[in-house]
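S.K.: The structure that follows is given in the form of structure tokens.
Taken together, the values in this text are just the output of simple stated rules run on the coordinates, not laboratory data. A quick note: this is a predicted structure, and the numbers were derived from the prediction, not measured. Here Cβ is always computed from backbone atoms with ideal geometry, including for glycine, and neighbour counts include all displayed protein chains.
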Amino acid sequence: MSGFATLLHGNALRKLSQIAYASGADWLSHSRPADLQPTPFAVAYQDNGTRLLRFVRADQESRGPAVLLVPSMINRWYVLDLRPGASLVAALVAAGLDVYCVDWGAFGDEDRHLTWDDVLTRLGRMMRATRRIAGQDRVGVLGYCMGATLASVYAALHPEHVNAFVNLAGPIDFAHGGALAVQTDPRWFDPDAVAAAGNISPQQMQSGFVALRPTQQWSKWVGVADRFADDLAVEAFAALETWANDNVAFPAAAYATYIGDLYQRNLLVQGRHCAMGRRVDLGAMVCPTMVVTASRDAICPPPAALALLDCCGAKEKSAVQVSGGHVGAVVGGRAARDLYPRIVDWFAG
């Protein structure tokens, strides 16, 4: 009996009803998986709605080098600590590292005037708190997706604070931005007009991502239907679907700069992007730098991220490609085997 036929019978049908209504917002209120964010943490510092999380170790007195994780500001941080067996955070903690993560929080209507510089200033405060609490002048930094773009800007402006860097699928050269670059082409897209209406809602941004692969919304449900007898596969799907529908608004002012300066004018890779009153020179990044790309990444095509290795001033560089898409490469079945050990070695070594 095929997976689809199985759906028509008893337990499988009941299981489908539990998942189907829970897509999107309903999922969060009715069927949120219990094992999300499995690694215990304490809030080490807070700046308005943004928190610095420090992950708890059993041997609190024995900590290795500190690492600050910087996720995208429009996605929830826990994609890096999604569930048991699919957690970069857990792998870093298990290796003895002192692990911190920026939780950007949820931006409200009152944050519509939060600028790109304001976001970088907030990231700087998270970095200073990490260094102070860890008792280390220089710490490792890993940025994921847009978080890697932000972290690269910070590392270029403050190279003395970073002892190792990982760009995990974060765009640097937006000329290679793929379909998202086409969507935001200035010939037909005006970010200032969009931002004039206020924060960009999760629904607005999701529509752009759905447009990259319009049939994926159907194909993912067909795929899980064919694996309905596999409880682990269904649990993994539920966890990822929950995170994917748990997004936050993009502050309007920061959005206008991100799209205008980076996607449309591609100023960062050209060395002409200005932030915090200074020109951002990626060549100032001299710490060991790794770039991780995903083979089927439609959000950040590999050349967009790999450009950092051409621009930075590091003597020790590494390029790692893993299988999967933008998110699947980080939390998919192969991540714990293929990706996490490489990142652990980069920071621990």
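S.K.: Net charge within 11 Å of L268 by Cβ-Cβ distance, Lys/Arg positive one each and Asp/Glu negative one each, not counting L268 itself? If you can, show how the numbers build up before the last one.
M.R.: Details: positive: R265, R272, R279; negative: D173, D261, D281.
Value of the local net charge: 0.
S.K.: Could you check the spin-label model distance between A211 and W188? Points 7 Å from the Cα along Cα→Cβ, value in nm.
M.R.: It is 0.8 nm.
S.K.: While we're on this one: Report the full-extension gain for the segment S295 to R132: residue separation times 0.36 nm, less the Cα-Cα distance, to one decimal in nm. Each step should come with its number before you reach the end.
M.R.: Details: separation 163, 0.36 × 163 = 58.68 nm, distance 3.74 nm.
Length difference between fully extended and current span is 54.9 nm.
S.K.: Between L309 and E235, what length comes free when the chain is fully extended (0.36 nm per residue of separation minus the Cα-Cα distance, one decimal in nm)?
M.R.: Details: separation 74, 0.36 × 74 = 26.64 nm, distance 3.70 nm.
In short, 22.9 nm is gained.
S.K.: Here's a follow-up. Pulled fully out, how much extra length does the chain show between R265 and A336, if you take 0.36 nm times their separation in residues and subtract their Cα-Cα distance? If you can, show how the numbers build up before the last one.
M.R.: Working: separation 71, 0.36 × 71 = 25.56 nm, distance 3.68 nm.
That pair, R265 and A336, stretches by 21.9 nm at full extension.
S.K.: Right, next: Under a crude label model (7 Å from the Cα following the beta-carbon direction), how far is D281 from V56 in nanometres?
M.R.: Here the modelled spin labels are 4.6 nm apart.
S.K.: Moving on. So how do T115, T257, T149 line up by other beta-carbon neighbours within 10 Å, fewest first? Walk me through the intermediate numbers first.
M.R.: On the way: T115 15, T257 21, T149 24.
Sorted ascending by nearby Cβ count, the order is T115, T257, T149.
S.K.: A further question on this structure: Take every DSSP beta bridge with both residues inside the range 274-349 and express the antiparallel ones as a percent of the total, to the nearest 5. Kindly include the intermediate steps, with their values, before the conclusion.
M.R.: Numbers: 2 of 8 bridges.
Of all bridge pairs located within the range 274-349, approximately 25 percent are antiparallel.
S.K.: Going 7 Å from the Cα of S201 toward and past its Cβ, which residues in the range 226-265 have a backbone nitrogen under 16 Å from where you end up?
M.R.: Residues 245-252 fall inside that zone.
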